[in-house]
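Please treat every number below as a calculation from the coordinates, not as lab data. Because the structure is predicted, anything quoted here is derived from the model rather than measured. Methodologically, a virtual Cβ is constructed for each residue, glycine included, from the backbone with ideal geometry; neighbour enumeration extends over all protein chains shown.
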Amino acid sequence: MSMNAEPVAGPAFQPSHPGEIFKNQILSRYDLSISEAARRLGVSRKHLTNFCNAHVPCSTDLAQRIAAATDSGIAMWINLQAAYDTWAAEHREVPDVQSFL
């Protein structure tokens, strides 16, 4: 098995955190406060505030709740988080490890 050690080129810009997308596209579109959106989603206001401010990731539970409330797909929210996390990981210093090769 041959593994390519070259990194796959991702986007040159940092993708938006899914919480920022939720805040800018969902809350503003439906003119919802954080408190009202949290109530409708069944999560705490504090957690939703932290999510919207990019302090916590979009968990599968939150993705499912947002998808159900917005008639969107769970995978969309999970993929937004994965893109954000991948970009961040690709732009951190590589940890000191020993190769398996």
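Loop-located chymotrypsin sites (Phe, Trp or Tyr not before Pro) in the range 6-101 (DSSP state other than H, G, I, E, B) with a sparse environment of at most 16 neighbouring Cβ atoms within 10 Å: Phe13, Tyr30, Phe100. Basic side chains Lys and Arg get +1 at the Cβ, acidic Asp and Glu get -1 at the Cβ, and with that the dipole of the chain about its Cα centre reaches some 560 debye. Take every Cα pair under 8 Å whose residues are at least 6 apart in sequence, average their separation, divide by the length of the range 18-90, and the relative contact order is 32 percent. Only DSSP H runs of four or more residues enter the estimate; each adds -39500 (n - 2.57), and after division by the residues of the chain the mean residue ellipticity at 222 nm equals -13500 deg cm²/dmol.
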